[in-house]
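Asks: After the structure tokens below, expect a handful of questions from me.
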Amino acid sequence: MEMKLQFISREIIKPSSPTPHHLRKHKLSFLDQLAPPFYVPVVLFYSATSEISPTKKSGILKHSLSKTLTHFYPFAGRVKDSYSINCNDDGATYIEAQVDSDMSVVLKEPRFDVLLQLLPCDPLEKLCEPSAQVILAVQANYFACGGMALCVCIRHVVADASAAASFVKSWAAVASGVDTELDVVIYDYTHLFPPENFSELMKNIEKNQNVVLDEVVIKRLLFYGAKIAALRNEIGNGLCLYRPTRVEAVSSLIWNALIADGTENGEIVPMHVATTSVNLRKRLNPPLPQLCMGNFYHIAMANSAMAKTTSRTSLAEKIHESILKINDKYVKQFYGSGAHLNLMKNMAAEVGKNSKAGRVFNFSSWCRFPFYETDFGWGKPLWFATAMKLNRVAILLDTRDGKGIEAWIGLTKEEMAKLEQDHGILAYASFNPSI
């Protein structure tokens, strides 16, 4: 797919009002420190509108972003060190580009490499000096047909996927004039998750990671709502005493296929592990504000001992149980007892060994986050996507109707080739259909 971009402008957008002196230092919690060192990319496609010209859209976006940054002031700052953000109002990068083709070209066959071209930066980009790296970068791409792809990249250190969704929805509300009075969104939660000095541990983990990203391919699987409903019924009609959620059903299907592929190869892997990122905002007591920025997720771990046959039902149950136990009491005991540090030390010891002790696959669900509600004044998104090249990771997104799921999966070329032939996957999913 040939697509050419002509860059129109590149500028820095600063908060419309200066950040008060007493808010200039934003402390990072332990969960913020633990966030992976990359950007969270959000890609929103909007249909063409004759009422609002690209020039007017540009003005609305920039003016409203400046106003929004006043409330999300760490996003306009720079990382100072592993403990804090310097909220110095240095600003966010804002880029505009003209695409020489129609938006339908992208939507007919959505590809990871094409989405990357629309982003304002490489999500995995690392600079030697963190303070030189912007926390927020935006690129507005205008297609020949009049459609637009608005791409937002936020450093994970200040925002998880839930926070990213809240940010773009809040920005859209300011732009459309629906709600210009935002509640407080920046809080100091270091009393709940005190920061730690584990920089050496993290360096050891990063140094020993043996994943060569050149060998990783990203594919999009679409599970239509009707197929997911059938899958949930199939799993629920087994030994399961409950009906799994959409995410649990899709996760168990993918996990089952990956375990089966390894078993067919005669691999001896005593333990398979599926991790799920669990949003803590509603699980803590008292619950955190839904709009609060930062990282508030816990990694739930489901274990499955190696067996000749593993049913989707049993895997769905294991995933369900691993998520269910994440409540206020569990979280406070886990982080209060130092268990989180022991787990990190074990990870540092195991990573890079290519150990046969266990094989991990990671699920990150962005479902139910309000990405499809981001209306800047020219309608809700036609399609929402993300673009991150991560190995053994599945990012699960809602379809526009809220019933289906799109799974963006990263695997080695060899593993992906097997997944594309898996009968269970093919019975419920379609590989990269048109939008």
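The values are calculated or read from the model by the stated rules, or taken from the named source; none is laboratory data. Bear in mind the structure is a predicted one, so any value in this text is a computation, not a measurement. Note: ideal-geometry Cβ built from the backbone for every residue, glycine included; neighbour counts use all protein chains shown. Note: accessible area is taken over every heavy atom of the protein model, side chains too, but ligands, DNA and RNA are not part of it. Shrake-Rupley method; radii C 1.70, N 1.55, O 1.52, S 1.80 Å.
Asks: Can you go through 217, 211, 185 and tell me which one is over 25 Å from residue 69 (Cβ atoms), among the aliphatic types (A, V, I, L, M), surrounded by 12 or more Cβ atoms within 10 Å (Cβ to Cβ) and at pLDDT below 90?
Replies: Only one candidate passes the filter, namely 211.
Asks: Taking the stated definitions as given, is residue 53 at pLDDT below 95, within 21 Å of residue 138 (Cβ to Cβ) and open to solvent by 30 Å² or more (accessible area, probe 1.4 Å)?
Replies: yes
Asks: Shifting gears a bit: Specify which of the listed residues (132, 137) is within 17 Å of residue 388 (Cβ to Cβ) and among the small types (Gly, Ala, Ser).
Replies: That would be 137, the only listed residue that is within 17 Å of residue 388 (Cβ to Cβ) and among the small types (Gly, Ala, Ser).
Asks: Okay, next question. For the condition under 20 Å from the mean Cα position of the chain (by Cα) and hydroxyl-bearing (Ser, Thr, Tyr), what is the one hit in 434, 430, 364?
Replies: 364
Asks: Further question on the same structure: Please determine, by comparing only the residues of region 1-30 that are modelled with pLDDT under 95 and open to solvent by less than 30 Å² (accessible area, probe 1.4 Å), which one is nearest to the chain's Cα centre (by Cα).
Replies: Only one residue tops the list, namely 30.
Asks: Do we find that residue 141 is among the polar types (S, T, N, Q) and touching a strand residue (DSSP E or B) at 6+ places or on another chain (Cβ under 6 Å) in this structure?
Replies: yes
Asks: Please work out which residue is surrounded by the most Cβ atoms within 10 Å (Cβ to Cβ), limiting yourself to region 105-134 and to residues that are modelled with pLDDT of 95 or more and aliphatic (A, V, I, L, M).
Replies: 106
Asks: Within region 362-372, is even one residue modelled with pLDDT of 95 or more, out of contact with any strand residue (DSSP E or B) (no Cβ under 8 Å at 6 or more places or on another chain) and more than 26 Å from residue 33 (Cβ to Cβ)?
Replies: Yes, region 362-372 contains at least one residue that is modelled with pLDDT of 95 or more, out of contact with any strand residue (DSSP E or B) (no Cβ under 8 Å at 6 or more places or on another chain) and more than 26 Å from residue 33 (Cβ to Cβ).
Asks: A further question on this structure: Go through (1) open to solvent by less than 60 Å² (accessible area, probe 1.4 Å); (2) of a type in the set (S, T, N, Q); (3) at pLDDT below 90 for residue 277 and report which single condition fails.
Replies: Here residue 277 meets the rest and fails (3).
Asks: Is at least one residue of region 129-152 closer than 22 Å to residue 49 by Cβ and of a type in the set (D, E, K, R)?
Replies: No, that holds for no residue.
Asks: Out of region 48-83, which residues are farther than 27 Å from residue 389 by Cα and polar (S, T, N, Q)?
Replies: 49, 50, 53, 55, 58, 64, 66, 68, 70
Asks: Separate question: Please work out which one of (1) within 21 Å of residue 389 (Cβ to Cβ); (2) in contact with a helix residue (DSSP H, G or I) (Cβ under 8 Å, 6 or more places away or on another chain); (3) in contact (Cβ under 8 Å) with a residue 60 or more places away in the chain is the condition residue 153 fails and give its number.
Replies: So the condition that residue 153 fails would be (2).
Asks: Sort out which residues of region 307-329 are modelled with pLDDT of 90 or more, open to solvent by 60 Å² or more (accessible area, probe 1.4 Å) and not polar (S, T, N, Q), and write them in order of number.
Replies: Matches in region 307-329: 318, 321, 324, 325, 329.
Asks: Give the residues of region 277-334 that are outside any helix (DSSP H, G or I) and without any contact (Cβ under 8 Å) to a residue 12 or more places away in the chain, sorted by residue number.
Replies: 282, 286, 287, 307, 309
Asks: Right, another one. Looking at region 58-170, what strands (runs of 3 or more DSSP E) fall wholly within it and have at least 1 residues that are under 30 Å from residue 2 (Cα atoms) and polar (S, T, N, Q)?
Replies: 92-99, 136-142
Asks: Does residue 137 qualify as being closer than 18 Å to residue 165 by Cα, open to solvent by less than 10 Å² (accessible area, probe 1.4 Å) and not hydroxyl-bearing (Ser, Thr, Tyr)?
Replies: yes
Asks: Can I ask one more? State whether the residues of region 391-404 include one that is at pLDDT 95 or above, among the polar types (S, T, N, Q) and either open to solvent by 10 Å² or more (accessible area, probe 1.4 Å) or part of a loop (DSSP other than H, G, I, E, B) (or both).
Replies: Checked region 391-404: at least one residue is at pLDDT 95 or above, among the polar types (S, T, N, Q) and either open to solvent by 10 Å² or more (accessible area, probe 1.4 Å) or part of a loop (DSSP other than H, G, I, E, B) (or both).
Asks: In this structure, does residue 45 turn out to be open to solvent by 10 Å² or more (accessible area, probe 1.4 Å), under 20 Å from residue 116 (Cα atoms) and in contact (Cβ under 8 Å) with a residue 12 or more places away in the chain?
Replies: Taking the combined requirement at face value, the residue does not satisfy it.
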